[in-house]
Structure formats: C-alpha cells, structure tokens
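Okay, so here's the structure we're looking at.
The values are calculated or read from the model by the stated rules, or taken from the named source; none is laboratory data. These numbers were taken from a predicted model, which means no experiment stands behind them. Every residue, glycine as well, gets a Cβ built from its backbone with ideal geometry; the counts of neighbours run over all protein chains shown. Calculation scope for accessible area: heavy atoms of the full protein, side chains included, ligands and nucleic acids excluded. Shrake-Rupley method; radii C 1.70, N 1.55, O 1.52, S 1.80 Å.
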Amino acid sequence: MTVLAHSAPKKGCSDAPVLKERGQHEVFCGLTGIIWLHRKMQDAFFLVVGSRTCAHLLQSAAGVMIFAEPRFGTAILEEQDLAGLADAHEELDREVAKLLSRRPDIRQVFLVGSCPSEVIKLDLARAAERLSEVHGPRVRVINYSGSGIETTFTQGEDACLAALVPQMPETEARELLIVGALPDVVEDQALSLLERLGVAPVRVLPARSADEMPGVGPNTVFALTQPFLGDTAAALARRGAHHLRASFPFGDMGTTAWLQAIADEFGVGADRFESVTAAPRARARAAIARQRERLAGKRVFFFPDSQLEIPLARFLTEECGMEAVEIGTPFLHRGLVGPDLERIAAGPRISEGQDVDLQLDRARMDRPDLSVCGLGLANPLEAEGLTTKWAIELVFTPVHFYEQAGDLAELFARPLRRRDLLETHPSRALRVEAAE
Amino acid sequence: MKLSIWTYEGPPHVGAMRVATGMKGLHYVLHAPQGDTYADLLFTMIERRNHRPPVTYTTFQARDLGSDTAELFAQACRQAYERFQPEAMIVGASCTAELIQDDPGGLAEAIGLPIPVIPLELPSYQRKENFGADETFFQLVRHLAGPAEQTERVSANILGPTGLGFRHRDDIEEVTALLNEMGVDVNVVAPMGAAPSDLSRLAAAHFNVLLYPETAEAAARWLERTHGQPFTKTVPIGVGATHDFVAEVAGITGLPARKDESRLRQPWYAASVDSTYLTGKRVFIFGDATHVTSAARIARDEMGFEVAGLGCYNREFARPIRALARNYGVEAVITDDYLDVEAAIAELQPELILGTQMERHIGKRLGIPCAVISAPVHVQDFPARYSPQAGWEGANVIFDTWVHPLVMGLEEHLLTMFREDFEFHDAAGASHHGGKAVERTELEVEEAPASADVIWLADAEKELKKVPFFVRGKARRNTEAFAAEQGVHEISIETLYEAKAHYAR
C-alpha cells in the first residue's frame, strides 16, 4: 500500500526529549482495572479492601451498574478497623467467608489493596496466605495493590497479573505465553492466527478460569498484548521466561510486527506467514483506509491515561496519516514501547506524568483537531471547541489485531465525523463563543 | 468492615464537591491521592457540566509519603489561588489524606492567602456524601454570612440545591415562581449559583426556604439561631405539600397565600377516568428522606396508590422516616445496603417501585416497573427539558413520570381480555416502551418457586399464568399468604379464587 510507503526515520521518537511533569494527575487509580478483569476471569472475585471512595469510584468509573451481580465489591474500612489492625484481619476473614458461602462458583479471590489499606499498612499478603490455607485448595486467595498511591489506571492490571506469576506452575515446555487481558473475541482471533502459523502450544495469561492457569519456565517465550504490563514482564523474566519485544498489535502494521516477532522466534517460514496474514492484512488495510480519509493530516493530542498512548500514536501517525502534537503518557516504559516509539516520526512533544493545568494550557495553545483524554476533561474541552475522544473506550473496546483495526481507527474518526455533522448546527457558533 | 457492592452515597468529600461545583468563585483544594480525581467525571459526565469542577487535588503518590506531603498541599493551595483567583477557598482531606494527618486547615492558614480559607473536617470513615454537603455548606455559611441589613421588601433565601442534585436545577425556578407569586423576592439561592460574596448577604433575607434538608439543614438552623431567620419545614413537592408550603410562607411573612394554579393539571389527570386503573396499586418507596416523604404523600393522597413499604438510605433521617412509616401502617426500611432493599421489594411484590437508579436495577431484575424519584443520580436524571419535582409543574411532571412505567389504563383491560392472543399477550409488555412484541411460546419460563411450605398444583399454576403479568406477583404472594394462613399446603384453582375473594377490595 503506497500511502504507507514513506518510511519513518529509523530512530523516530526514540531519542526525543521527554517533558517530565509532577503536578495534579487527572487519572484513575489501578482499582479501575477490576472493571474489565472481573469480566475476563469468570471464576474470580475482586475484593477491594478500602474506603467508601473506592466503592464509589468502581461504581462511577464506567457506569458498570449494568452488571447486576458483579464479581467485585469493597470491604469498606470503618473507624474501628483503623483503631485495631488485628480486628481488621478478623473482619476480613469473616467477610471473605461470607462471600464464599454466598458465591460457591468463586475459585479465586483477589484481595485488592487501596490507598487507605496501604497507608495503615494492612498486610494483605499475610491475609491472602492465611485465607488460602482456610479456603484452599479449592479457592486460591491472592493479593495485589490497585491503590492510587502506587498504580495509575492500567497498572492495576499489571499488578494483578504480576501477582499471578508466582502462582504459575513450573514448566520446562517450550510454550508461547500471550500476556494481557483481552476481550474473548479478540483473544480467540489471536489464537487462531497463531495456530494457523503453526505456533503451538500457546497459553494465555490471565486464563479465563483458575483451572487453566498456564505454566512458566526457562523455555517459555512471552509476548505482551498491552504496553502497561512492565511488572508482569519482569516477574515472568525472573521465572526464566523470554520476552519477545515488538510493536503492539494495533492496526495492520502493529499486528504484523507483533506476529512477525513470534514467527521469527518459532521458525515460521516467510511463505506460511504471508499466506496466513495476507487476507486479514488486506481487510485491515481496507478498513483503515476508509477512516484514513477523515483522519489524515489531522493533529492529535494525547493526555496521559492508559499507557496505550505511544502505541496508539504510532498507529494514528504511521497508519492513519495523523500528526501527533503531544503524546502524554503516565509512565514511559522504553523497554516495552521502544519499538513503537521508533516508528513515530520525530516531532511530537513526549510528556510523562502530568500537571493537568499546564497541560490544558498547552492543548489550548496547540488547538489540536482531536484530544484523547479522560472523562473528567472531555466535556470541558468540547465546550472550549476542542473535539475529544474518551480514552477509557480504548481499554473497554476490542481494538487489537487485524479484524479490529478498522474499529480502532473509527473510534478516533467518529468524534471528527460528529463535529462535522454538527458544524451546521445553528447554535454551534454561539455555544463555542459562550464557553470561551 | 462492611462488604459493599453498590453504594447510595459517596464519601463526604464528594458532598463537599457538590457544594463547591454548584457555587461560583469558590475553589476546593483537596488533599487526596492520585485516582481520587475520578470524582470530576461525576459532574462532567452525569451532569454534562462544561467546566471542570473547581477542585485542585494534590494527587500524592507513594514516593511523596516518604518526603513532604504537607509541602505538596501548601504548594497546591498557592497555585490554585494564583491560577483561579477565587473569592474564597475550602480545604480538606479525602479518606487517605485523613490518615496521614497533614492538617490541611492549619497549612492553608499558614500560607496567609488574602481570601477567606475555610477548613473542612469530614470524617471519611464515619460519614457519607450528604453529611459532607451539609457540613460544607454549614461551614461556608458560618464563616461568610455575617450580619446584613434586612431587605426592604419581603425576601427569602432558597437553601439546599447543589451540583448532582436530583432536579435541583429546575426546582429552583419553580420555587422562585411560587415565592414571587406571593410577592416574596428571592435574596440568594445557595449553594447552587451562589458566590461566596452572595453568602455574605444571606442575613438580609426575611426567612429561609429549606428546600433540601439533606444538604442545608445545619446551615438553616445556624441562620435561625444567629440571625433570627425562620425557615420553612415543608418541602413543596406534590400538590398538597405545595399548598402547605404556600400557607407556611404566608404564616411567616403575613402575606396572603396567593397562588397561580392555572398550569396545575395533576389533580384532574388523577381524577380522570383513565386513571381509575391506578387505584390501590401497591407501591414501594425508597430514596433520600426528603423525596421519600414527599412521594409517600403523593402516592397515597394524590394518586390513590397503596403504600406497601417505604424507607431511606440516609440514616441521619431514620427517626422521621420511621415515624412516617408508622403513619402509613408499614415498617420502614432504613439501610444503605441495596441487597436489603432488594429483599424487601422481593418480599412485598409491589406493582410499582418509586426509588433511585439502584431500585430501577432491582426492578429490572424482579420484573417490577420503577420510576426514579431521588438521588443517587444518573445521566438520565438530567433531562434537557424543564423537569422539576417541586411546585405545580413538579406535580405534573411526577404524574407523568410515575404513570409512564405502568401499562396504560385501557391497555390493561385489553391485555386481560386478549391475554390468550398469540401476539397481544402480556409477555409482550407495555406498548409504549419500545420493546418488540415476541410471539408467545409454549415453553413458559419457570417463575420463582413457591415457598417451601406450599406447593402449587399444576392446574393452579396454569391458572396463575392467566393473570396478567403486572399483577401476577401480587396474586401469587396473596394466594400463598392466604394458604399459609389457612394451613393449606397444596394450592389448587379453588385456593387461588378463595384467596382472590378474600383479598377483594
């Protein structure tokens, strides 16, 4: 496809200076990951040990009340729990016992630490050990922290998966491990592609149920599907597993690069690679091309949110013809996003961390065509006449691999299309003026 | 420690945010860890606000805990003042910051900003959102509302409306109209729409309208004590309550009880024959105390419903709600655990739930229609159209809102007449709800099993299914209760009709 033939300089943004900011972070905490993790692991319950704020966050963050009987809840700390930690442990034991008697289908309980539980140093690791003895082997109790003082948004999934790594049985088998919680439909597509490439056996972390927990060992090779899994990658490496570094599987080119790294490792021939990927690649390119008409030449500004910013900026610039003005990310993990960073043409400001007021000032100066931001900023920016894309949709929607490439591009094109549709709205000029 | 899945109220600092976001020219500096900024989206998404809430968070992280979180807070205060130039500031801590005991009030005072800085003490591990709003507004009023010369014309303040309130935006207009019709001016509406400088004029009013006791009672009591301003005790939601409110205002001001009821349609709509089908419908009412109190009166006296059960989630109001329940001959459900509410509703099998978004979900699960009457709010509770609950128009809005989830009057008869029809059968649901009518299948879904003591004989079970869906729950429950009372263990068609006769009104 000739439009994409322009080759970015090899180094791209690899050596670009990074603007590091330390001010108000307008981001979610790691507890938010529970919203998708509990749908992925259907025999797991996520018990947050925290405050009313934690419970309120979980119910507000994604309007998740549609799930009538969720597999998560908050053990809300009260005054007396703060006074005596010994009692807090007893209370926790009681709540877990009650929960398991009410939900016999639960096989894994995650005790999720929060800001208050971390600050009062409630030892959830000890609690998890104790509770595993009581309720095991049928029920496994694991702990991790999703607190805002330690994790930013998607880092909650990283902390959760990293906590699973020590639970993985030892294996000598040469296996490919795919790491990252993907919607089942997307995971199945990936597995099917790998099967047709002749890569086997392939295991997945997190597994859909406790019984399917994959093994790990010196012959394990793993590929990440999400860029925010740094701690999990480190934990797997400590168990001897080998990380396949590649661009993340977004769009046609990202997916191809990701699959190619696996194909190289497992000795898949070029012909076979071509014959398996040719058709889905063509479909992905065609689907992207339809959205590219609206996206090409438009300027995009990323506020930090999910750590998906670098790979998505790679996709939007390299495959959709957009220009990145600022790529903000809560945490820049060069070891993981390096291959994507290389493929972003030099030019955009790269920022790490946040000082939201200063960043908003920059966005107002830049006046990008599209701002990718959290829900707290979206309507205020729209009212200032800046078109926005809610970042949270990028972690809730199937966007990985070839068959979703068009959907991913469309997520960014839709706000622009909507803006064009409403351009002729008689009150539009008035509204923008009033907000300014 | 208490396991909570869904909560009716957020933490108290969210209550403080509701006050701050409703106001103008006020800024809230909140000592809080990274992640607590989620609260912004309540306002920008649910309420569709086009500005960020006026809140600066310190968003401290683990690495800051080892160094100096206090300096971080002081810096956030200074920067917020410089950037936003507010008339006044409130400062406080969220649940985590409360634990590290940095004393935001003391720190902010030490900076010496040239504006009033009001410290908030909101105990996060004991209290909740409504308390937070009430306490914040009270502290603002206590610090800012000094003596003021009374206005020449009779005037009132309207106290209680906040950000994220249930229809507060439109209630203000309606109550303002009620007051103006009597010749009473509105001095200040607060917190919603007021600036700190407006709060300093509060004492100029002749009296206060306490529109929502949940968020403004402490302030109203303080103003009464300090500035001798009486406040109204009736919340004008419902036709009867609106009349009483006007009478109360007339009593306080000595002005005649002038009112313009020309737009009030509720009484005729309730009296018209189409509404006959509403007679004696059993309703369950749950929400905040103010809206539940109003709804109970409207349900019984203005709609002709039977109040089958009621309760509230804000324990601060447990006593008045228990007294109210006694008046209606029911037991009050006072809980903030939605599972308790669900159990109460499942037990009572009402024909309509008047509740919050939480009860709407419960109703969906139990197959019982629900109309929303109270916070906690949802994006649907901020309609584009004018949609008050208070005053005459509020009464009209409530009539429409409560009737909408039900099957309409004539349709109810038609469903009964044609219930064996293959496409116009009861499982098709109400015709105005947009669901596609599904063809009746022979395989009917098994309903909840009868209680252990009584079993339904096959014939009786079949007969029960001929009862239209919107009263079937009641028929089942009545029949089982009747059987239990009579010591009958097997329910036959005979038992079903005996029970029907027994409960006939």
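Annotation for segment B:365-382 versus segment A:310-331: alpha-carbon center distance of 40 Å.
For the pair segment B:229-300 and segment B:135-154, the centres of their Cα atoms are 29 angstrom apart. Of A:38, A:56, A:425, the residue with the greatest mean-square motion in the GNM of chain A, using alpha carbon springs below 10 Å, is A:425.
Computed from the alpha carbon atoms alone, the convex hull of segment B:79-213 holds 124 Å³ per residue.
Packing, as the average of other Cβ atoms within 10 Å across residues, places the peptides A:298-306, B:100-108 in the order A:298-306, B:100-108, highest first. Computed from phi, the 3J(HN,Hα) profile of segment B:352-358 under the Karplus parametrisation 6.51, -1.76, 1.60 (θ = phi - 60°) reads 8, 10, 10, x, 9, 4, 5 Hz, with x in place of Gly and Pro. Normalised Debye scattering of chain B at q = 0.07, 0.10, 0.13 Å⁻¹ gives log10 I(q)/I(0) of -0.46, -0.84, -1.21, counting only Cα atoms as equal scatterers and leaving out solvent.
Largest first, the extents of the alpha carbon coordinates of segment B:266-414 on the three principal axes equal 39, 33, 30 Å. Computed from the C-alpha gyration tensor, the three semi-axes of the ellipsoid equivalent to segment A:156-245 are 18, 15, 12 Å, from longest to shortest. Summing charges over all other residues whose Cβ lies under 12 Å from the Cβ of residue A:294, with Lys and Arg as +1 and Asp and Glu as -1, gives +3. Per residue of A:111-118, other chain Cβ atoms within 10 Å of the residue Cβ number 4 on average. Taking A:174, A:94, A:107 as the candidate residues, the one with maximal mean-square fluctuation in a Gaussian network model of chain A, Cα springs under 10 Å, is A:94. Rg and Dmax of segment A:30-151, both derived from C-alpha coordinates alone, stand at 13.4, 36 Å. Relative to one another, the C-alpha centroids of segment B:483-502 and segment B:67-130 are positioned 65 Å apart.
Comparing segment B:25-80 with the 2.2 N^0.38 Å rule of thumb, its C-alpha radius of gyration ratio is 1.24 (two decimals). Its Cα gyration tensor gives segment B:145-253 an equivalent ellipsoid; the semi-axes, largest first and in whole Å, are 19, 16, 13. Over all other residues within a Cβ to Cβ distance under 11 Å of residue A:353, the charged ones net out to -1, with Lys and Arg as +1 and Asp and Glu as -1.
Along each principal axis, taking the top coordinate minus the bottom one, the Cα set of segment B:450-504 gives 27, 24, 18 Å in descending order.
Equivalent-ellipsoid semi-axes for chain A (Cα gyration tensor, √(5λ), whole Å, largest first): 36, 29, 18. Above 57 Å lies some portion of the pair distances; for the protein assembly as shown, what is it as a whole percent of all C-alpha pairs? Cα-Cα pairs in the protein assembly as shown separated by more than 57 Å: 16 percent.
For the residues of A:144-156, the average number of beta carbons from a partner chain within 10 Å of their own beta carbon is 4. The calculated FRET efficiency for the pair residue B:343 and residue A:271, based on their C-beta separation and a Förster distance of 60 Å, comes to about 0.40. Summing charges over neighbours of residue A:149, with a neighbour being any other residue whose Cβ is under 10 Å away from its Cβ, gives -2 when K and R count +1 and D and E count -1. Counting, for every residue in A:45-58, the Cβ atoms of other protein chains within 10 Å of its Cβ and taking the mean gives 6.
Can you pull the percent of the protein assembly as shown's accessible area that's carbon plus sulfur, 1.4 Å probe, other chains left in place?
Answer for the protein assembly as shown is 52 percent, counting heavy atoms of protein chains only.
Chain B against chain A buries an accessible area of about 5100 Å², both chains summed, 1.4 Å probe radius. Remark on segment A:199-264: hydrodynamic radius 12.7 angstrom, per the Kirkwood mean of 1/r across alpha carbon pairs.
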